[in-house]
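Engineer: The structure that follows is given in the form of structure tokens.
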Amino acid sequence: MNRNLLLVVYLIFLPFACFASYPEANNEYVNDYADIIEFEVIEKLREELEDVEYYSGVEITVLTIESYRSYKTGDYSWESFATGLFNDWGVGNRAQNNGVLFLVSTDDRKIRIELGAGYPDHYDEIMKSIIDNDIAPLLKDEYFTDGIELGVEKIVDATTVEVSFFDWYKWYILGGIGALISLIIALVIDKKKNPALFWVLLGLAGFLIISVFKGLASGNRSDGFGGGSSDGGGASGDF
């Protein structure tokens, strides 16, 4: 009886055991699991990419691994592995899908820049040019740190734009205006004649004010990936 029960449990969980999970992200911006980037550069890149996300809203993450084949995820190719990993992590802003995954596999000698679904098709060619002309030559000559640094620099230049003050804070501004309007209407309403509407408007104003101040206090700093997704856009290369 016990053996039969164990067999049933084994058969149920066998499909899950056949596929290992994707590598975990211990850091939102740089995870050097292949141990090819100098420590000081890792810290510098993490700070730079955090600033990039804060000032532009674009989330870029770097991952180095020894071999994607070590992760039995069921992905049939380097590209499908990158797309699956991107979606598993949820890189980028969910609404804009503007995330970027810069992936390097040392044993497979492969490079991938996976783009969020929000990027137009012509960005694939831009990423291909960055891989072929900037990243691959350095990695081929074993200048791994230099290749990663230059790749990040080129990706940042290609995917980020300066954001105006209004564009950056427009939702906070609109929220503040909405709170002000709600307060004014609540104050001019006769509380005794229409108490329900008075308290609804006052509550709405309070909610908007709290939301605005919480948003301004937190800025665009992130404590994790933003839930973005990729449909396979980007480019690959070898070194």
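Engineer: When the chain is fully extended, how far beyond the present Cα-Cα distance does Ile184 get from Glu47, taking 0.36 nm per residue of separation? Can you show the working numbers first?
Structural biologist: Numbers: separation 137, 0.36 × 137 = 49.32 nm, distance 4.34 nm.
Taking Ile184 through Glu47 to full extension adds about 45.0 nm, to one decimal.
Engineer: Moving to a separate point now. Only loop residues by DSSP count here, and only those with at most 10 other Cβ atoms within 10 Å; note down the chymotrypsin sites (Phe, Trp or Tyr not before Pro) in the range 67-155 that meet that.
Structural biologist: Working: sites: Tyr68, Tyr71, Tyr76, Trp78, Phe81, Phe86, Trp89, Phe102, Tyr123, Tyr143, Phe144; in loops: Tyr71, Tyr76, Tyr143.
Those satisfying the criteria are Tyr76.
Engineer: Going by how many other Cβ atoms sit within 10 Å of their own, how do Arg112, Arg69, Arg46 line up, fewest first?
Structural biologist: Lowest count first: Arg69, Arg46, Arg112.
Engineer: Go through Lys72/Lys140; Lys110/Lys140; Lys72/Lys154; Lys110/Lys154; Lys44/Lys128 and tell me which ones have a Cα-Cα distance over 20 Å in this structure.
Structural biologist: Working: Lys72/Lys140 26 Å; Lys110/Lys140 10 Å; Lys72/Lys154 31 Å; Lys110/Lys154 18 Å; Lys44/Lys128 25 Å.
In this structure, Lys72/Lys140; Lys72/Lys154; Lys44/Lys128 exceed 20 Å between Cα atoms.
Any read-out appearing in this document is the output of simple, stated calculations on the displayed coordinates, not a laboratory observation. This structure is a prediction, so every number in the text was calculated from the model and none was measured. Here Cβ is always computed from backbone atoms with ideal geometry, including for glycine, and neighbour counts include all displayed protein chains.
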